[in-house]
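Chemist: Please read through the structure below; I'll follow up with questions.
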Amino acid sequence: MNEEKVSYGIYSPGVLGILIIGIIACLILILVFNDVVVRNVLTVAVLSLAFIIGLIFYGSSTPLRVKRSELLVEFAKPKENSVMLDVGTGRGLVAITLAKAVKNCKVIGIDTWSPVALSGLSGNTMENAQRNAELENVAHKVKFQQADARKLPFEDNTFDLVTAHELLDTLIVGRDEALAEIYRVTKKGGKFVFSTAVSKFILVKKLSKLGFKRFEFMRLGLREGPTTFVLCRK
Ligand SMILES: C[S@@+](CC[C@H](N)C(=O)[O-])C[C@H]1O[C@@H](n2cnc3c(N)ncnc32)[C@H](O)[C@@H]1O
């Protein structure tokens with residue numbers, strides 16, 4: 001029997017692989033070297049790597065990411081009958097959470113679906129996003145489309161809400177173009193809600209310049225992952 005399950009992928013599988021290889025190499029060196037100082041240094045290295053692996057696993061665990069997407073949707077307060085866009089949707093986590101939460105809505109999830117080495121997300125394909133929407137029974141409300149955040153294939157003033165979860169901190173090349181495009185496709189009075197762990201002040205400054213206003217912030221605790229949700233209006 002083929003029982004498919006919803007899966008939103010894990011982050012940084014490549015990094016995890018390298019860290020695990022690092023631990024194994026250190027353990028082998030501990031066995032090989034007799035010197036106490038070298039052994040102590042290697043033991044500290046093993047413990048540090050294990051701690052980082054634990055943090056990555058914890059921060060990217062599916063229940064935690066599902067919880068974060070629910071908090072983001074709660075914070076965004078989307079209205080019934082809204083037309084919404086999730087930029088950098090990956091395996092559809094936020095697009096699907098929006099579709100589950102809002103009656104009579106239409107959600108479009110766009111992504112370049114870059115491979116794991118660039119996106120940091122395992123199984124990052126449109127097919128996996130589509131499958132998740134089907135398994136969550138919202139496929140009739142969500143449409144996935146291949147597109148680049150820096151050149152959105154939509155008319156001006158189209159969306160009541162635009163979201164970008166775990167995209168903007170890592171979108172280094174062309175981030176200004178993406179922000180301008182998001183502003184362009186957001187309806188007047190519509191909202192843009194995004195997460196950021198490290199670029200809050202820079203992003204708020206750029207978005208204010210574009211014309212976004214009435215900023216609100218929600219800072220998550222360490223338990224949910226050290227990130228801030230930002231909401232602004234056009
Ligand atoms: C860390 S993942 C986050 C995925 C999803 N938002 C989530 O919360 O699970 C970042 C996503 O942004 C996508 N991405 C990166 N650059 C992009 C661009 N220029 N346009 C659209 N998507 C992009 C990647 O392919 C990847 O799926």
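Each reported figure results from applying straightforward, stated rules to the coordinates on display, with no laboratory input. Computed from a predicted structure; not experimentally measured. Here the Cβ is made from the backbone with ideal geometry for all residues, glycine too, and neighbour counts use every protein chain on show.
Chemist: Quick one: if you stick a label point 7 Å off each Cα along the C-beta vector at residue 50 and residue 125, how many nm between them?
Modeler: It is 3.6 nm.
Chemist: Alpha carbon centre of the range 191-217 versus the range 16-69: separation in Å?
Modeler: 35 Å
Chemist: Follow-up question, since we're still on this one. Over the chain, with a Gaussian network built from C-alpha contacts below 10 Å, which listed residue (31, 121, 64) shows the highest mean-square fluctuation?
Modeler: Checking each option, the largest mean-square fluctuation is seen for 31.
Chemist: List residues of the range 189-208, by number, whose backbone nitrogen lies under 20 Å from a label position 7 Å along Cα→C-beta of residue 176.
Modeler: What the label zone holds, given the 20 Å backbone N cut-off, is 199-208.
Chemist: How would 56, 108 line up from fewest to most surrounding beta-carbon atoms within 10 angstrom?
Modeler: Details: 56 17, 108 22.
So the residues, fewest neighbours to most, are 56, 108.
Chemist: Which FRET efficiency value, to the nearest 0.05, is calculated for residue 214 and residue 158 with the Förster distance at 22 angstrom and r the Cβ-Cβ distance? Let's see the in-between values first.
Modeler: Values: r = 20 Å, r/R0 = 0.92.
After rounding to 0.05, the efficiency reads 0.60.
Chemist: I've got another one for you. From a point 7 Å beyond the Cα of residue 7 in the direction of its Cβ, which residues of the range 123-154 have a backbone N at a distance under 15 Å?
Modeler: 123-133, 135
Chemist: In a Gaussian network model over the chain where Cα atoms closer than 10 Å are linked, find which of 19, 98, 152 has the largest mean-square fluctuation.
Modeler: Comparing 19, 98, 152 in a Gaussian network model of the chain, the most mobile one is 19.
Chemist: Can you tell me the FRET efficiency between residue 103 and residue 188 if r is taken as the Cβ-Cβ distance and R0 is 22 Å, rounded to the nearest 0.05?
Modeler: Details: r = 23 Å, r/R0 = 1.06.
Calculated transfer efficiency: 0.40.
Chemist: What is the order of 35, 169, fewest Cβ neighbours within 10 Å to most? Could the numbers behind the result be given before it?
Modeler: Values: 35 9, 169 17.
Result, fewest neighbours first: 35, 169.
Chemist: What net charge do the residues around residue 9 carry, taking every other residue with its C-beta under 10 Å from that of residue 9, with Lys and Arg at +1 and Asp and Glu at -1? Walk me through the numbers on the way to the answer.
Modeler: Details: positive: 65, 91; negative: none.
Net charge in that neighbourhood comes out at +2.
Chemist: So what is the 222 nm mean residue ellipticity for the chain from helices alone, if each DSSP H run of at least 4 adds -39500 (n - 2.57) and you divide by all residues, rounding to the nearest 500 deg cm²/dmol?
Modeler: On the way: 8 runs with 104 residues, N = 234.
Roughly -14000 deg cm²/dmol at 222 nm, from the helical runs in the chain.
Chemist: Separation of the range 124-161 and the range 92-110 by C-alpha centroid, Å?
Modeler: After rounding, the separation between the Cα centres reads 8 Å.
Chemist: If each residue's Cβ is checked for other Cβ atoms within 10 Å, how do 5, 79 rank with the fewest at the top?
Modeler: On the way: 5 7, 79 14.
With the sparsest Cβ surroundings first, the list reads 5, 79.
Chemist: Now, a different point. Take each complete run of DSSP H in the chain, measure how far its Cα atoms stretch along the helix's own axis, and keep only those covering 18 Å or more with mean Kyte-Doolittle hydropathy at least 0.0; list them.
Modeler: On the way: long enough: 13-32 (29 Å, 3.02); 36-59 (34 Å, 2.15); 62-76 (21 Å, 0.09).
Result, helices passing both filters: 13-32, 36-59, 62-76.
Chemist: Looking at the range 62-233 only, what percent of DSSP beta bridges run antiparallel? Nearest 5 please. Present the calculation step by step, with values, prior to reporting the outcome.
Modeler: Working: 12 of 30 bridges.
In the range 62-233, approximately 40 percent of DSSP beta bridges are antiparallel ones.
Chemist: Which entries of 100/191; 5/188; 77/143; 5/213; 5/187 show an alpha-carbon separation above 29 angstrom in the structure shown?
Modeler: Working: 100/191 19 Å; 5/188 39 Å; 77/143 21 Å; 5/213 40 Å; 5/187 35 Å.
In this structure, 5/188; 5/213; 5/187 lie more than 29 Å apart at Cα.
Chemist: Sticking with this one: How much net charge surrounds residue 74 when only the other residues with a Cβ under 11 Å from the Cβ of residue 74 are counted, with Lys and Arg +1 and Asp and Glu -1? Kindly include the intermediate steps, with their values, before the conclusion.
Modeler: On the way: positive: 67, 68, 77; negative: 70.
Spelling it out: positives minus negatives among the neighbours equals +2.
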